[in-house]
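I have placed the structure first, in the form of structure tokens, so that the comments after it can refer back to it.
The values are calculated or read from the model by the stated rules, or taken from the named source; none is laboratory data. Bear in mind that the values here come from a model prediction, so they are computed numbers and not experimental data. Glycine also receives a Cβ, built like all others from the backbone with ideal geometry; neighbour counts cover every protein chain displayed. Accessible surface areas use protein heavy atoms only, side chains included; no ligands, DNA or RNA. Shrake-Rupley method; radii C 1.70, N 1.55, O 1.52, S 1.80 Å.
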Amino acid sequence: MPKKIISVGKKIWATMTGWLKKFWSNFRDVPLISWLVAFSVTVALEIFIGQALARMVGLSKPPALFGVALVLDNPAKFLSAIIYMILVYGLPVGVIAYLTKGVGNQIAEWLLQFPLLLTSVVHLLLIYGVMHYWTSISDYRLLVARLAMISIIVTLSLNVVNGYMGEFSCSHPGFMALGAYVSSIFTVLLFVTDNRFGDALLPAFLGPFMFPVSLVLGGFVSAAGALLVAIPSFRTRGDYLAIISLAFMFIVKSLFENLEVVGGARGISNQPDYANLWTIFVWTVLAIWIINNFVRSTMGKALNAVRDGELAASAMTVNTQKTKMVAFLFAAFWAGIGGGLFAHVIRYINPGTFGIRKLAEVLAMVYFGGLNSVTGSIVGAVGFSLISEALRPLDIFKWIFIPIMLILIMIYRPTGLIAFREFDVAQLFQPKGKKDEEGVDHAAA
Amino acid sequence: MDVFLQQLMNALQWGSFYALIAIGYSMVYGVLMLFNFAHGDIFMVGAYIGFFVSSGLLALNLGSVIGLSTGVELGLVLVLTLIISMLLNSIVGMGVERIGYRPLREAPRASAAITGLMIGIILETANLALLGPQRRSFPELIPTTTITIAGASVTNKKILIVIVSLVLALLVHQFVQRTKWGMAMRAMAYDYVVVPLMGISSDRIALMTFAIGSALAAAAGILFGIAYPVLDPNMGILFGWKAFVAAILGGRGSILGAALAGFLLGFIEIFVTMIFPSTMRNLIAFGIILIILTFRPHGFFGEPFSAQLRL
Amino acid sequence: MPLLEVSNMTHFFGGLRAVHAYNLEIEPGQIRGLIGPNGAGKTTIFNLITGIYDPTEGEILLEGKTIKGREPNKIASRGLGRTFQTLRLWRHMSVIDHIKLGRYSKLDYGLPGAFFSTPRRLREEEKTTKIAMDLLELVGLPETADQLVTNLPYGAQRRVELARALATEPKILFLDEPTAGMNPEELIDMMKIIREVHQELDLAIFLIEHRMKVVMDLCELIQTLDFGEVIAEGTPDDIRNDPKVIDAYLGKEVSV
Ligand SMILES: Nc1ncnc2c1ncn2[C@@H]1O[C@H](COP(=O)(O)OP(=O)(O)OP(=O)(O)O)[C@@H](O)[C@H]1O
Ligand SMILES: [Mg+2]
């Protein structure tokens, strides 16, 4: 009897996925640019008629994050939310992407003659535009988008260590804390008048220009902290990094707890509001670009070689020690940048922010998205942030649901959803024609 | 001098908890090469099981039913609580192994570490959801009496806690050194492949490793409950991570090493608070550990080994 | 001056004397062989010379300069390439990336190049890719460049290892049982490739082999090792007829 049910279930599943595949095959040759155009239209639609439409289907206002939170709060609104989502997102996106794919492919083809940089800028501007207007509807969306982008930076940098290098580092919250504190001290000391650091030392208009300096400073300080971890950890192979980095994380946390000059356990607040959407966007793009460059360089490949066979790597002239060191400091640098941005989004930090919970969160994003994969980290960071926000109404049960999801992913795809894949920007922007070249799938064997 | 002795006793007691938890960590790490990041929460679950078992036993009112004096009754309850909770918690531990780790035996070790982390979060949240955020106070199983030794006053609880922990640690050590099962564990720690050749399935050894570790964690939980009678769902987190570090400090798979490192951690923490403000405790403890690991990367009793993450 | 000179090298693993008073001189362009029963210490000698272990005693000179106690990567970049007895390829890497990585120390675009794709990096990468493709051509695997190395058949994987070692531009190539586990067809291919490599790239080769045919065909001079000591040294003909060699091998077989 149960066997029958299972086989029937399998059949249904197969037909459903069959349909989905068939449906999706209509969109296989839609280039990125058409998708972006379709999303722009959708966003415009939501801005202009979203409110009215929401009223019509029985919602008080357009759902902030795809209606999941809304439905979880009030299951009766299920139908309304679905209708809204289809009318505002599903239908227009699908139709416009489908209709413009011919033109889109022509444009993409035409763009090929220009340097990749120009094509990238065009696409990035479109992406930013979509995001800018999409987040203009609610402050909550804006906050989620900003935090999600910061998660991309942090996740990607941890992936360099845990994925590309194949070690297990636990110190990322510590590096984030260093970056967050250093940049906060910098900006609050110089540009804010408060009762901890006294009067602002420099005129406020300079602030936004000095903000990158403060971030980079934070990045360098966390790279210096990483040196403390790296020196004892990388002398011999084994699990030392896991333990030493863990100890480091606790040390950083309790160091700040004990430093009364920076607020002790109460932390620092009143960070100026420099980390707006476009600033974070630029930093995220920079991080993705540079980290992707790094992991695809010979040095990045050497990192893979050290992971998959250190002896052979050194016999092939790779300085394994130095490679690991550079990669680790590099990762710490970006974690510091992420921490600095984070501090200026939340505008309040304390040592408790950078503890075990943060560690679990970052690790979850890395392993959710996929090891050794830039795409994976982007998907992991954004996906995890969105899921985690959308499930907020579940209250504490969210923390049962998310871990179960992650355990299932680990069981069925132990290296994460999109692991071991190269991220090639040129391929991303290419026209999608008949031959349909997909990225070489280096899926885990 | 008496202050010192008194603190020494405090340190021994505080170290007992770390030692018992660290042994569980160390066994799993030694035998299966896994970081069982759920272990701290298994300790928490053990403490709660102990709480319910002892409350239940007290409610049975054995004393008046069978006609025992209060002292004997409490002693009986304590022993029964320890035994029953250790058994129950070993079932929890085996469940964790079965659900979270066995499906990942061939996967990268890091993935298993992530499932462990997630199971830990589930245990905490489930506790929070089922029992609510309020703290529980552990029933008083031993009426406190104070004994004076060499000018230092020491409570009977402390002596009991230290003795029980030492006995348990030695028992497990003997088990691993002397019995056939222990030998299989050591063989598995040395080489994963040979154990099936000995006619013992490696799955069974894995289960047993988790069972023993979790039983010790339950004992630690109950002893903790006796000493500091407040339990809360997050009590396992910091304890767990610190015990993890102690386990590594002891050396891979070394039971006595883990126990020793656990006690050392207890000493450091207690004596740090004598001199520095107590907020500096973690800072200094982890700082010292970092220094020790820098000079003895394989821990006290560990041997150099090379572990690939098997990506 | 010999290209590689090892004198009086001894190595202990704890109490086990794995190599004893070992001497070796290799001239440029020579092909030399090292044979001996299992556990004789052949691989250990390779590991000692390539810097994986530090010899307890003795001196190792490459082109007259000592390499004893240097890190493996330094020794490799000074012109000592090697393959391994058991394949040591990188599971998640494509064939071409393996070979390009052999040029790690020759590539020079530094950290700026690694972080920002500078024109210099693009140039260097292009050059390296070309060299790597040439090497793949040489070992007869040009069409596998973008495949994952684990998808290749065993014989091809061995050839990837060879090409990877060649990418380091070695002056001497150490081959640890290059034909181990190969079927007769693959074996003949491999011997042909070794000859070609030797001729085209003008390097010295030092190889360990268990298959007598391979050693006898390829090598000018052969050393026989037993219990870490050289018991015979000479041309293939000398070795073939040396009673001590026959003894070492037969004795082993009898005991097995
Ligand atoms: N790292 C090590 N530690 C301890 N002993 C070792 C080590 N490496 C090799 N040995 C021992 O040294 C001796 C020589 O080993 P080696 O691998 O050099 O033999 P070999 O001649 O290459 O044999 P084979 O033909 O089987 O490859 C063996 O007895 C081996 O057990
Ligand atoms: Mg050998």
Which listed residue (A:VAL57, A:VAL8, A:TRP35) has the Cα farthest towards the positive end of the charge dipole for segment A:1-151, taking +1 on Lys and Arg C-beta and -1 on Asp and Glu C-beta about the Cα centre?
-> A:VAL8
Set A:LYS301/A:LYS358; A:LYS301/A:LYS324; A:LYS432/C:LYS100; A:LYS322/C:LYS42 screened for pairs whose C-alpha atoms are more than 23 Å apart = A:LYS301/A:LYS358; A:LYS432/C:LYS100; A:LYS322/C:LYS42
Under the Kirkwood approximation for Rh and a Cα-based Rg, what ratio Rg/Rh is obtained for segment B:2-308?
-> 0.98
Expected sort for C:158-168, B:72-82 on mean C-beta neighbours within 10 Å, highest first, is C:158-168, B:72-82
List every residue whose amide H lies under 5 Å from the amide H of C:GLY58, counting only residues 5 or more places away in sequence or on a different chain, with H placed 1.01 Å from N in the peptide plane.
-> C:THR10
Using only the Cα atoms of chain C, build the gyration tensor, take square roots of its eigenvalues as a ≥ b ≥ c, and label the shape rounded, prolate or oblate: rounded if a/c is under 1.5, else prolate if a/b is larger than b/c, else oblate.
-> prolate
Could you work out how far apart the two model spin labels at B:PHE295 and B:LEU130 are, taking each label as a point 7 Å from the Cα in the direction of the beta carbon, and quote it in nm?
-> 4.6 nm
Anything in chain C that counts as a DSSP H helix reaching 27 Å or more along its axis (C-alpha) with Kyte-Doolittle mean of at least -1.0? List them, would you?
-> C:119-138
Cβ neighbours within 10 Å from other chains - mean over A:317-323 = 6
Label-point gap, in nm, between C:SER7 and B:SER201 - each point 7 angstrom along Cα→Cβ = 6.3 nm
Under the span-like rule (Cα at least 18 Å along the axis, Kyte-Doolittle mean at least -1.0), DSSP H helices of chain A = A:2-25, A:32-56, A:116-135, A:139-159, A:172-191, A:207-233, A:240-258, A:277-296, A:320-346, A:356-369, A:374-390, A:398-412
Rank these by accessible area, largest first, 1.4 Å probe: B:THR294, C:THR83.
-> B:THR294, C:THR83
Across the residues of B:116-128, average count of Cβ atoms on other protein chains within 10 Å?
-> 6
In this structure, the FRET efficiency calculated for C:TYR154 and C:GLU63 from their beta-carbon separation, with R0 = 45 Å, to the nearest 0.05, is 0.80
Sorted by mean Cβ packing within 10 Å, highest first, what order do the peptides C:170-179, A:257-266, B:128-137 take?
-> C:170-179, A:257-266, B:128-137
Suppose R0 equals 51 Å; then what is the FRET efficiency for A:LEU202 and B:ALA152 from their Cβ-Cβ distance, rounded to the nearest 0.05?
-> 0.30
Using label points projected 7 Å from each Cα along Cα→Cβ, tell me how many nm separate C:THR118 and B:ILE163, to one decimal.
-> 7.2 nm
Hey, for a label at A:ASP139 modelled as a point 7 Å past Cα toward Cβ, could you say which residues of segment A:276-293 have their backbone N under 18 Å away?
-> A:276-278
If amide H atoms are modeled at 1.01 Å from N in the peptide plane, then the residues at a separation of 5 or more from C:TYR53, or on another chain, having amide H under 5 Å from its own are C:LEU48
If you line up the Cα atoms of segment A:306-440 on their principal axes, what length do they span on each, largest first, in Å?
-> 51, 45, 32
Determine how large the accessible area of B:GLU97 is when every protein chain is in place; take a 1.4 Å probe and give Å² rounded to the nearest 10.
-> 0 Å²
So if we plug the beta-carbon distance of A:VAL95 and C:LYS130 into 1/(1 + (r/R0)^6) with R0 = 51 Å, what FRET efficiency do we get, rounded to 0.05?
-> 0.60
What are the principal axis extents of the Cα atoms in the protein assembly as shown, in Å, biggest first?
-> 96, 84, 76
Computed over chain B: longest principal axis from alpha-carbon atoms vs helix B:109-131 long axis, angle to nearest 10 degrees, is 30 degrees
Selection from C:PRO153, C:THR118, C:HIS98 lying farthest towards where the dipole of segment C:90-154 points positive, charges on Cβ | C:THR118
Using alpha carbons only, how many degrees (0 to 90, rounded to 10) separate the axis of helix B:180-190 from the longest principal axis of chain B?
-> 50 degrees
How many partner chain Cβ atoms sit within 10 Å of a residue's Cβ in peptide A:258-271, on average, as a whole number?
-> 1
Cα to Cα, under 17 Å, and not fewer than 8 places away if on the same chain: which aspartates and glutamates meet these conditions relative to B:LYS158?
-> B:ASP2, B:GLU140, B:GLU269
The convex hull of the Cα atoms of segment C:88-209, divided by residue count, gives a volume in Å³ per residue of 107 Å³
Once you sort the root eigenvalues of the Cα gyration tensor of segment A:2-112 as a ≥ b ≥ c, which label holds: rounded (a/c under 1.5), prolate (a/b larger than b/c) or oblate (the other case)?
-> oblate
Near the amide H of A:LEU259, under 5 Å away, which other amide H atoms are found, from residues 5 or more places off or on another chain, if H is placed in the peptide plane?
-> A:GLY264
Treating the angle as unsigned and between 0 and 90°, give the value, to the nearest 10°, between the Cα long axis of helix B:39-60 and the longest Cα principal axis of chain B.
-> 40 degrees
